[in-house]
């Protein structure tokens, strides 16, 4: 006679896999540091940042002030940190970490950014390199 129902052990295994696969896919491998520096001579920089969709809040940085936050790098999911930035009458939304793009560009698990009236600069090989200009 053919058994129409899988064994109880197989059902238990399928149940456990169904329960733990989503958990495993959201595990954090490690944290990546994002550092944003207001390089404007005389204007405050306001940032509103998110990491992987989680809101980390709004900060206002005086000239030369810094903001640092951690972005968890996730297993099997796209890892992105983005910030809305306002400097005087300039405003834009910028990805300050895209793991697929930046994992080989940023060093020591950190991306360092300078923001001024000319745009948003990333530290690459010891030099500040323009990555984003302000939208017109």
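The values are calculated or read from the model by the stated rules, or taken from the named source; none is laboratory data. Keep in mind that what you see is a predicted model, and the values were worked out from it rather than measured. Because the Cβ atoms are built from the backbone with ideal geometry, glycine has one as well, and the counts that use them run over all protein chains shown.
Go through region 123-133 and report how many residues are surrounded by 15 or more Cβ atoms within 10 Å (Cβ to Cβ) and at pLDDT below 95.
Qualifying residue count for the region: 0.
Here are the criteria: (1) surrounded by fewer than 16 Cβ atoms within 10 Å (Cβ to Cβ); (2) in contact (Cβ under 8 Å) with a residue 12 or more places away in the chain. Tell me which single one residue 69 does not satisfy.
(1)
Within region 95-122, which residues are surrounded by fewer than 16 Cβ atoms within 10 Å (Cβ to Cβ) and farther than 12 Å from residue 34 by Cα?
100, 101, 103, 104, 105, 117, 118
Out of region 25-55, which residues are at pLDDT 95 or above and under 28 Å from residue 77 (Cβ atoms)?
If the condition is that a residue be at pLDDT 95 or above and under 28 Å from residue 77 (Cβ atoms), then 33, 34, 35, 36, 47, 48, 49, 50, 55 are the ones that fit.
Would you pick out the residues in region 76-94 that are farther than 15 Å from residue 134 by Cβ and either crowded, with 16+ Cβ neighbours inside 10 Å or within 14 Å of the chain's Cα centre (by Cα) (or both)?
77, 78, 79, 80, 81, 82
Restricting to region 34-55, count the residues that are in a loop (DSSP other than H, G, I, E, B), in contact with a strand residue (DSSP E or B) (Cβ under 9 Å, 6 or more places away or on another chain) and surrounded by fewer than 20 Cβ atoms within 10 Å (Cβ to Cβ).
Of the residues in region 34-55, 6 are in a loop (DSSP other than H, G, I, E, B), in contact with a strand residue (DSSP E or B) (Cβ under 9 Å, 6 or more places away or on another chain) and surrounded by fewer than 20 Cβ atoms within 10 Å (Cβ to Cβ).
What residue, of 86, 60, 79, is farther than 15 Å from residue 38 by Cα and in contact (Cβ under 8 Å) with a residue 12 or more places away in the chain?
79
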